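Comments concern the structure below.
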Amino acid sequence: MSFEACASLSPVKRDLGQPAAPGGRSVSGDGRDAAGSGSLGSGPVQEAARLGVSLGTAAVLGMRAVRSDVPPSTAYLMTEGRCIYNCPFCAQARESRAPAGLLSRVTWPSWPAETVLQRLRRHFRPPAGRASAGAKSPAMRRICLQVVHSPGWEEEVDRFLEGLRAEEDPAAPGGAGRCAPAGLRPFVAPVCLSLRPRNLEQVGQYLAQGVDKVSIAIDVVNPAQYARLKGGAQQAVLDLLLAASRAYPGRMATHVIVGLGETEEEAIRLLEQLHAHGITVGLFAFTPVRGTRLSHLPPPPLGQYRRVQVANFLLAQGQRPAFQFSPAGRLQSLGEPQERWRRLLADGRAFQTSGCPDCNRPYYNEHPGRRPFNYPRPLSSQEIARALADTELPGLCGGGDL
Ligand code: SF4
(Lines give C-alpha, C1' and ligand atoms only; values in the text may rest on other atoms or scores of the structure.)
Protein backbone atom coordinates (compact mmCIF):
# COMPACT_ATOMS: atom_id res chain seq x y z
CA MET A 1 0.00 0.00 0.00
CA SER A 2 1.09 3.56 -0.36
CA PHE A 3 0.90 7.20 -0.97
CA GLU A 4 -0.53 10.62 -0.80
CA ALA A 5 -4.20 11.22 -0.36
CA CYS A 6 -6.06 13.48 -2.63
CA ALA A 7 -7.45 15.07 0.49
CA SER A 8 -4.24 16.97 1.04
CA LEU A 9 -4.19 18.37 -2.46
CA SER A 10 -6.44 20.91 -4.01
CA PRO A 11 -6.55 21.76 -7.69
CA VAL A 12 -5.76 25.40 -8.28
CA LYS A 13 -5.55 25.62 -12.06
CA ARG A 14 -6.15 23.61 -15.16
CA ASP A 15 -4.00 20.52 -15.54
CA LEU A 16 -0.70 21.16 -17.17
CA GLY A 17 -0.75 17.85 -18.98
CA GLN A 18 -3.25 15.53 -20.53
CA PRO A 19 -3.27 12.47 -18.35
CA ALA A 20 -5.50 9.60 -19.26
CA ALA A 21 -8.06 8.24 -16.91
CA PRO A 22 -5.84 6.84 -14.23
CA GLY A 23 -4.83 3.32 -14.85
CA GLY A 24 -5.76 0.49 -12.56
CA ARG A 25 -3.11 -0.73 -10.24
CA SER A 26 -2.75 -2.60 -7.11
CA VAL A 27 0.19 -1.83 -4.97
CA SER A 28 3.10 -3.81 -3.79
CA GLY A 29 2.32 -7.38 -3.31
CA ASP A 30 -1.21 -7.40 -4.45
CA GLY A 31 -0.37 -10.46 -6.43
CA ARG A 32 -0.16 -13.96 -5.15
CA ASP A 33 2.83 -15.13 -3.25
CA ALA A 34 5.85 -15.66 -5.40
CA ALA A 35 6.65 -19.11 -4.18
CA GLY A 36 4.15 -21.69 -5.11
CA SER A 37 1.59 -19.53 -6.81
CA GLY A 38 2.37 -20.37 -10.33
CA SER A 39 3.73 -18.19 -13.04
CA LEU A 40 2.94 -14.52 -13.07
CA GLY A 41 3.27 -14.62 -16.79
CA SER A 42 5.00 -12.41 -19.28
CA GLY A 43 2.28 -11.43 -21.63
CA PRO A 44 2.47 -9.17 -24.62
CA VAL A 45 4.28 -5.92 -24.10
CA GLN A 46 1.92 -2.97 -24.08
CA GLU A 47 2.48 -0.66 -26.96
CA ALA A 48 2.27 2.83 -25.52
CA ALA A 49 3.42 2.18 -21.98
CA ARG A 50 2.05 4.53 -19.39
CA LEU A 51 2.92 5.19 -15.80
CA GLY A 52 0.62 6.17 -12.98
CA VAL A 53 1.92 9.11 -10.99
CA SER A 54 0.57 9.90 -7.54
CA LEU A 55 -1.07 13.27 -7.50
CA GLY A 56 1.43 14.71 -5.05
CA THR A 57 4.31 13.46 -7.17
CA ALA A 58 2.70 14.91 -10.29
CA ALA A 59 2.49 18.27 -8.52
CA VAL A 60 6.17 18.24 -7.61
CA LEU A 61 7.07 17.27 -11.17
CA GLY A 62 4.99 20.13 -12.54
CA MET A 63 2.53 17.82 -14.30
CA ARG A 64 -0.49 18.83 -12.28
CA ALA A 65 -1.18 22.23 -10.75
CA VAL A 66 -2.25 21.29 -7.26
CA ARG A 67 -1.42 22.65 -3.88
CA SER A 68 -0.07 20.32 -1.25
CA ASP A 69 0.57 21.11 2.38
CA VAL A 70 3.21 18.37 2.59
CA PRO A 71 4.78 17.32 -0.70
CA PRO A 72 6.15 13.82 -1.13
CA SER A 73 9.87 13.41 -0.62
CA THR A 74 9.79 10.28 -2.79
CA ALA A 75 8.41 10.10 -6.32
CA TYR A 76 5.63 7.49 -6.25
CA LEU A 77 4.85 5.75 -9.52
CA MET A 78 2.96 2.70 -10.68
CA THR A 79 3.15 0.53 -13.73
CA GLU A 80 0.12 0.42 -15.99
CA GLY A 81 -2.48 -2.31 -16.22
CA ARG A 82 -5.23 -3.94 -14.19
CA CYS A 83 -3.97 -6.32 -11.55
CA ILE A 84 -4.72 -9.95 -12.21
CA TYR A 85 -5.08 -10.58 -8.49
CA ASN A 86 -7.87 -9.72 -6.19
CA CYS A 87 -6.76 -8.41 -2.80
CA PRO A 88 -9.97 -7.21 -1.14
CA PHE A 89 -8.38 -4.15 0.44
CA CYS A 90 -7.05 -2.81 -2.85
CA ALA A 91 -8.97 -0.30 -4.93
CA GLN A 92 -7.49 -1.69 -8.11
CA ALA A 93 -8.05 -5.36 -7.43
CA ARG A 94 -9.60 -7.42 -10.19
CA GLU A 95 -13.11 -7.27 -8.73
CA SER A 96 -12.86 -3.87 -7.12
CA ARG A 97 -15.60 -1.41 -7.95
CA ALA A 98 -13.67 1.55 -6.60
CA PRO A 99 -13.59 4.61 -8.83
CA ALA A 100 -10.99 4.34 -11.55
CA GLY A 101 -7.75 5.98 -10.68
CA LEU A 102 -8.10 5.63 -6.95
CA LEU A 103 -5.69 3.68 -4.84
CA SER A 104 -6.44 3.85 -1.18
CA ARG A 105 -7.09 7.59 -0.78
CA VAL A 106 -4.78 8.65 -3.56
CA THR A 107 -5.47 9.71 -7.11
CA TRP A 108 -3.11 8.34 -9.73
CA PRO A 109 -3.41 9.98 -13.13
CA SER A 110 -1.24 8.40 -15.78
CA TRP A 111 0.94 9.74 -18.55
CA PRO A 112 3.03 8.18 -21.26
CA ALA A 113 5.98 6.55 -19.55
CA GLU A 114 8.51 8.54 -21.51
CA THR A 115 6.92 11.83 -20.43
CA VAL A 116 7.16 10.77 -16.80
CA LEU A 117 10.73 9.59 -17.18
CA GLN A 118 11.74 12.88 -18.79
CA ARG A 119 10.23 14.79 -15.88
CA LEU A 120 12.01 12.59 -13.40
CA ARG A 121 15.35 12.95 -15.14
CA ARG A 122 14.90 16.70 -15.15
CA HIS A 123 13.86 16.81 -11.50
CA PHE A 124 16.88 14.88 -10.34
CA ARG A 125 19.42 16.39 -12.70
CA PRO A 126 22.17 18.24 -10.82
CA PRO A 127 22.34 21.94 -11.65
CA ALA A 128 24.43 22.69 -14.71
CA GLY A 129 28.13 22.65 -14.10
CA ARG A 130 27.88 20.89 -10.77
CA ALA A 131 28.39 17.26 -10.01
CA SER A 132 25.99 15.46 -7.69
CA ALA A 133 28.06 16.13 -4.61
CA GLY A 134 27.17 19.51 -3.22
CA ALA A 135 24.30 20.08 -5.62
CA LYS A 136 21.07 21.47 -4.24
CA SER A 137 18.83 18.61 -3.16
CA PRO A 138 15.75 18.06 -5.31
CA ALA A 139 12.39 18.17 -3.55
CA MET A 140 12.10 14.40 -3.95
CA ARG A 141 15.12 12.27 -3.12
CA ARG A 142 14.00 8.75 -4.02
CA ILE A 143 11.90 7.01 -6.65
CA CYS A 144 9.51 4.20 -5.77
CA LEU A 145 7.85 2.12 -8.45
CA GLN A 146 4.85 0.06 -7.42
CA VAL A 147 4.70 -2.80 -9.85
CA VAL A 148 1.33 -4.17 -10.83
CA HIS A 149 1.25 -7.78 -11.75
CA SER A 150 -0.38 -7.43 -15.09
CA PRO A 151 0.87 -9.15 -18.21
CA GLY A 152 4.17 -7.68 -19.34
CA TRP A 153 5.16 -6.24 -15.97
CA GLU A 154 8.75 -7.39 -16.23
CA GLU A 155 9.27 -5.65 -19.56
CA GLU A 156 7.71 -2.51 -18.12
CA VAL A 157 10.07 -2.58 -15.16
CA ASP A 158 13.07 -3.05 -17.44
CA ARG A 159 12.04 -0.10 -19.59
CA PHE A 160 11.43 2.00 -16.53
CA LEU A 161 14.84 1.27 -15.06
CA GLU A 162 16.57 1.94 -18.33
CA GLY A 163 14.79 5.26 -18.63
CA LEU A 164 15.92 6.32 -15.18
CA ARG A 165 19.60 6.08 -15.88
CA ALA A 166 21.51 9.33 -15.78
CA GLU A 167 22.96 10.63 -18.98
CA GLU A 168 26.39 10.97 -17.44
CA ASP A 169 29.21 8.52 -17.72
CA PRO A 170 29.61 6.37 -14.58
CA ALA A 171 33.25 7.44 -14.46
CA ALA A 172 32.28 11.13 -14.40
CA PRO A 173 32.43 13.07 -11.11
CA GLY A 174 29.36 12.23 -9.10
CA GLY A 175 28.48 9.24 -11.22
CA ALA A 176 30.50 6.69 -9.34
CA GLY A 177 29.18 8.08 -6.07
CA ARG A 178 25.75 6.76 -6.91
CA CYS A 179 26.85 3.17 -6.71
CA ALA A 180 26.29 2.28 -10.32
CA PRO A 181 27.21 -1.32 -11.06
CA ALA A 182 30.23 -1.67 -13.30
CA GLY A 183 29.48 -0.68 -16.86
CA LEU A 184 26.08 0.82 -16.10
CA ARG A 185 25.14 4.45 -15.86
CA PRO A 186 23.74 5.26 -12.41
CA PHE A 187 20.09 5.93 -11.77
CA VAL A 188 19.16 9.56 -11.29
CA ALA A 189 18.15 8.81 -7.69
CA PRO A 190 17.90 5.81 -5.36
CA VAL A 191 15.23 3.51 -6.74
CA CYS A 192 12.86 1.19 -4.87
CA LEU A 193 10.89 -1.52 -6.60
CA SER A 194 7.83 -2.80 -4.80
CA LEU A 195 6.81 -6.05 -6.40
CA ARG A 196 6.31 -9.74 -6.04
CA PRO A 197 9.40 -11.29 -7.57
CA ARG A 198 9.33 -14.73 -9.04
CA ASN A 199 12.24 -15.90 -6.92
CA LEU A 200 15.46 -14.96 -5.17
CA GLU A 201 17.35 -14.83 -8.42
CA GLN A 202 15.07 -12.15 -9.78
CA VAL A 203 15.58 -10.06 -6.65
CA GLY A 204 19.33 -10.33 -7.22
CA GLN A 205 18.96 -9.31 -10.85
CA TYR A 206 17.19 -6.07 -9.94
CA LEU A 207 19.69 -5.25 -7.23
CA ALA A 208 22.55 -5.98 -9.61
CA GLN A 209 21.10 -3.38 -11.94
CA GLY A 210 21.55 -0.77 -9.23
CA VAL A 211 18.11 -0.81 -7.59
CA ASP A 212 18.54 0.38 -4.02
CA LYS A 213 15.79 -1.65 -2.36
CA VAL A 214 13.36 -4.35 -3.41
CA SER A 215 10.16 -4.43 -1.39
CA ILE A 216 8.10 -7.59 -1.11
CA ALA A 217 4.86 -6.78 0.66
CA ILE A 218 3.55 -9.05 3.35
CA ASP A 219 0.61 -6.71 3.97
CA VAL A 220 -1.45 -9.10 6.09
CA VAL A 221 0.04 -10.08 9.45
CA ASN A 222 -2.06 -13.02 10.54
CA PRO A 223 -1.31 -16.11 8.41
CA ALA A 224 -4.93 -17.31 8.36
CA GLN A 225 -6.14 -13.87 7.37
CA TYR A 226 -3.42 -13.74 4.77
CA ALA A 227 -4.66 -16.92 3.18
CA ARG A 228 -8.23 -15.67 3.29
CA LEU A 229 -7.53 -12.17 1.98
CA LYS A 230 -4.56 -12.50 -0.34
CA GLY A 231 -4.62 -16.20 -1.04
CA GLY A 232 -1.67 -18.53 -0.78
CA ALA A 233 0.71 -19.07 2.09
CA GLN A 234 2.17 -16.12 3.94
CA GLN A 235 5.10 -18.34 4.93
CA ALA A 236 6.18 -18.67 1.31
CA VAL A 237 6.44 -14.88 0.97
CA LEU A 238 8.16 -14.58 4.32
CA ASP A 239 10.64 -17.29 3.38
CA LEU A 240 11.53 -15.46 0.19
CA LEU A 241 11.86 -12.15 1.99
CA LEU A 242 14.07 -13.59 4.70
CA ALA A 243 16.23 -15.47 2.22
CA ALA A 244 16.64 -12.28 0.20
CA SER A 245 17.56 -10.33 3.32
CA ARG A 246 20.31 -12.85 4.06
CA ALA A 247 21.59 -12.78 0.50
CA TYR A 248 21.34 -8.99 0.16
CA PRO A 249 21.65 -7.43 3.60
CA GLY A 250 20.05 -4.02 3.98
CA ARG A 251 18.47 -4.10 0.53
CA MET A 252 15.06 -5.58 1.31
CA ALA A 253 11.87 -3.85 2.40
CA THR A 254 8.29 -4.85 3.06
CA HIS A 255 4.88 -3.38 3.82
CA VAL A 256 2.80 -4.34 6.85
CA ILE A 257 -0.81 -3.27 7.32
CA VAL A 258 -2.27 -2.83 10.79
CA GLY A 259 -5.98 -3.53 11.16
CA LEU A 260 -6.58 -6.68 9.13
CA GLY A 261 -7.62 -9.00 11.92
CA GLU A 262 -4.30 -9.42 13.68
CA THR A 263 -3.51 -8.86 17.34
CA GLU A 264 -0.87 -6.36 18.37
CA GLU A 265 1.24 -9.24 19.62
CA GLU A 266 1.11 -10.94 16.23
CA ALA A 267 2.08 -7.72 14.49
CA ILE A 268 4.95 -7.00 16.86
CA ARG A 269 6.30 -10.56 16.73
CA LEU A 270 6.37 -10.32 12.95
CA LEU A 271 8.08 -6.93 13.15
CA GLU A 272 10.69 -8.41 15.49
CA GLN A 273 11.48 -11.03 12.90
CA LEU A 274 11.66 -8.55 10.05
CA HIS A 275 13.90 -6.09 11.87
CA ALA A 276 16.15 -8.87 13.13
CA HIS A 277 16.85 -9.55 9.45
CA GLY A 278 17.51 -5.89 8.66
CA ILE A 279 14.36 -5.57 6.56
CA THR A 280 12.96 -2.06 6.15
CA VAL A 281 9.31 -1.91 7.19
CA GLY A 282 6.73 0.46 5.77
CA LEU A 283 3.87 0.45 8.27
CA PHE A 284 0.35 1.19 7.07
CA ALA A 285 -3.05 1.50 8.68
CA PHE A 286 -5.80 -0.39 6.94
CA THR A 287 -7.84 2.14 4.97
CA PRO A 288 -11.32 1.15 3.81
CA VAL A 289 -11.91 2.26 0.25
CA ARG A 290 -15.35 2.55 -1.31
CA GLY A 291 -15.86 -0.12 -3.92
CA THR A 292 -13.46 -2.63 -2.42
CA ARG A 293 -14.60 -5.81 -0.74
CA LEU A 294 -13.37 -4.59 2.64
CA SER A 295 -14.97 -1.18 2.37
CA HIS A 296 -17.25 -2.02 5.29
CA LEU A 297 -14.39 -2.49 7.75
CA PRO A 298 -13.19 0.38 9.93
CA PRO A 299 -9.58 1.48 10.12
CA PRO A 300 -7.76 0.34 13.25
CA PRO A 301 -8.22 2.32 16.45
CA LEU A 302 -5.55 4.99 16.70
CA GLY A 303 -4.28 3.61 20.00
CA GLN A 304 -3.69 0.20 18.45
CA TYR A 305 -1.78 1.75 15.58
CA ARG A 306 0.28 3.94 17.88
CA ARG A 307 1.37 0.96 19.98
CA VAL A 308 2.50 -0.95 16.92
CA GLN A 309 4.21 2.20 15.62
CA VAL A 310 6.15 2.56 18.85
CA ALA A 311 7.24 -1.07 18.72
CA ASN A 312 8.19 -0.78 15.06
CA PHE A 313 10.26 2.32 15.70
CA LEU A 314 12.17 0.87 18.64
CA LEU A 315 12.88 -2.35 16.77
CA ALA A 316 14.10 -0.38 13.76
CA GLN A 317 16.49 1.42 16.09
CA GLY A 318 17.97 -1.91 17.11
CA GLN A 319 16.22 -1.92 20.48
CA ARG A 320 14.72 -5.09 21.87
CA PRO A 321 12.10 -4.16 24.46
CA ALA A 322 10.65 -6.94 26.59
CA PHE A 323 7.15 -6.41 25.25
CA GLN A 324 4.35 -7.47 27.54
CA PHE A 325 0.93 -8.37 26.16
CA SER A 326 -2.52 -8.93 27.57
CA PRO A 327 -4.14 -12.36 27.09
CA ALA A 328 -5.98 -10.82 24.13
CA GLY A 329 -2.70 -9.78 22.54
CA ARG A 330 -2.78 -6.07 23.28
CA LEU A 331 0.58 -4.44 24.01
CA GLN A 332 0.52 -3.48 27.66
CA SER A 333 4.08 -2.46 28.39
CA LEU A 334 7.45 -1.97 26.77
CA GLY A 335 9.05 -3.39 29.90
CA GLU A 336 12.01 -1.86 31.65
CA PRO A 337 13.77 0.49 31.58
CA GLN A 338 10.85 2.78 30.82
CA GLU A 339 13.00 5.88 31.08
CA ARG A 340 15.02 4.59 28.13
CA TRP A 341 11.92 4.18 25.96
CA ARG A 342 10.66 7.60 26.97
CA ARG A 343 13.93 9.15 25.88
CA LEU A 344 14.02 7.28 22.56
CA LEU A 345 10.44 8.22 21.74
CA ALA A 346 10.68 11.85 22.82
CA ASP A 347 11.33 13.31 19.38
CA GLY A 348 8.17 11.86 17.85
CA ARG A 349 9.90 10.11 14.95
CA ALA A 350 8.09 6.93 15.91
CA PHE A 351 4.90 8.49 14.60
CA GLN A 352 6.28 9.67 11.28
CA THR A 353 5.89 7.56 8.17
CA SER A 354 8.17 4.54 8.32
CA GLY A 355 9.88 2.85 5.42
CA CYS A 356 12.76 3.54 3.08
CA PRO A 357 14.78 6.73 3.57
CA ASP A 358 12.82 9.80 2.43
CA CYS A 359 9.56 7.88 2.04
CA ASN A 360 6.85 10.03 3.64
CA ARG A 361 3.70 8.90 1.73
CA PRO A 362 1.75 12.04 2.68
CA TYR A 363 -1.78 11.31 3.78
CA TYR A 364 -2.11 7.94 2.19
CA ASN A 365 -4.03 6.52 5.15
CA GLU A 366 -5.27 9.80 6.52
CA HIS A 367 -8.60 11.57 6.54
CA PRO A 368 -8.91 15.34 6.58
CA GLY A 369 -9.63 16.69 10.01
CA ARG A 370 -8.47 13.56 11.79
CA ARG A 371 -5.15 12.96 13.40
CA PRO A 372 -2.81 11.13 11.04
CA PHE A 373 -1.79 7.55 11.49
CA ASN A 374 1.53 8.40 9.83
CA TYR A 375 2.84 11.95 10.02
CA PRO A 376 4.60 12.83 6.77
CA ARG A 377 6.70 15.47 8.57
CA PRO A 378 8.22 16.09 12.01
CA LEU A 379 5.66 16.46 14.79
CA SER A 380 5.18 19.48 17.01
CA SER A 381 5.78 18.98 20.73
CA GLN A 382 2.02 19.03 21.26
CA GLU A 383 1.51 16.36 18.61
CA ILE A 384 4.21 14.23 20.18
CA ALA A 385 2.55 14.45 23.58
CA ARG A 386 -0.80 13.44 22.11
CA ALA A 387 0.65 10.57 20.14
CA LEU A 388 2.43 9.24 23.19
CA ALA A 389 -0.78 9.55 25.18
CA ASP A 390 -2.61 7.66 22.42
CA THR A 391 -0.48 4.62 23.16
CA GLU A 392 -1.89 4.36 26.71
CA LEU A 393 1.36 2.65 27.60
CA PRO A 394 2.70 3.08 31.13
CA GLY A 395 5.51 5.57 31.30
CA LEU A 396 4.70 7.24 27.99
CA CYS A 397 1.64 9.29 28.81
CA GLY A 398 2.20 12.89 29.84
CA GLY A 399 5.03 12.93 27.32
CA GLY A 400 4.81 16.67 26.68
CA ASP A 401 7.54 17.32 29.17
CA LEU A 402 9.96 14.79 27.75
S1 SF4 B 1 8.68 2.04 2.13
FE2 SF4 B 1 10.05 1.92 0.34
S3 SF4 B 1 9.00 0.47 -1.03
FE4 SF4 B 1 7.49 1.15 0.49
S5 SF4 B 1 6.42 2.89 -0.47
FE6 SF4 B 1 8.14 3.73 0.75
S7 SF4 B 1 9.84 3.92 -0.72
FE8 SF4 B 1 8.33 2.53 -1.63
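The values are calculated or read from the model by the stated rules, or taken from the named source; none is laboratory data. Because the structure is a prediction, the values reported are computed rather than measured. Quick reminder, even Gly has a Cβ in these numbers, built from the backbone with ideal geometry, and neighbours come from all protein chains shown.
Numbers at a glance
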item	result
Residue selected from the range 337-380 under the condition small (Gly, Ala, Ser) and either within 16 Å of the ligand (Cβ to nearest atom) or modelled with pLDDT of 95 or more (or both), by the criterion farthest from ALA91 (Cα to Cα)	ALA346
Filter result for LEU344 (touching a residue at least 24 places away in the same chain (Cβ under 8 Å), hydrophobic (A, V, I, L, M, F, W, C) and farther than 15 Å from LEU302 by Cα)	yes
Filtered residue count, the range 318-332, keeping only those that are basic (Lys, Arg) and loosely packed, with under 14 Cβ neighbours inside 10 Å	1
Any hit, the range 314-336, residues being within 16 Å of the ligand (Cβ to nearest atom) and part of a loop (DSSP other than H, G, I, E, B)	no
Evaluation of GLN273 against (1) within 16 Å of the ligand (Cβ to nearest atom); (2) closer than 28 Å to TYR206 by Cβ (one fails), failing number	(1)
Filtered residue count, the range 268-303, keeping only those that are over 30 Å from ALA243 (Cα atoms) and either assigned to a helix (DSSP H, G or I) or of a type in the set (D, E, K, R) (or both)	4
Scope the range 70-92; condition within 15 Å of VAL191 (Cα to Cα), polar (S, T, N, Q) and buried (at least 23 other Cβ atoms within 10 Å of the Cβ); matching residues	THR74, THR79
Of the criteria (1) assigned to a helix (DSSP H, G or I); (2) in contact with a strand residue (DSSP E or B) (Cβ under 7 Å, 6 or more places away or on another chain); (3) buried (at least 23 other Cβ atoms within 10 Å of the Cβ), which one GLU265 fails	(3)
Which listed residue, of ALA236, ALA243, ALA247, is aliphatic (A, V, I, L, M), modelled with pLDDT of 95 or more, under 27 Å from ARG165 (Cβ atoms) and more than 16 Å from the ligand (Cβ to nearest atom)	ALA247
Tally of residues being surrounded by fewer than 17 Cβ atoms within 10 Å (Cβ to Cβ), part of a loop (DSSP other than H, G, I, E, B) and among the charged types (D, E, K, R) across the range 199-232	0
Of the criteria (1) in contact with a Gly (Cβ under 7 Å, 6 or more places away or on another chain); (2) within 16 Å of the ligand (Cβ to nearest atom); (3) part of a helix (DSSP H, G or I), which one ALA385 fails	(2)
Filter result for LEU260 (within 20 Å of the chain's Cα centre (by Cα) and not in a loop (DSSP other than H, G, I, E, B))	no
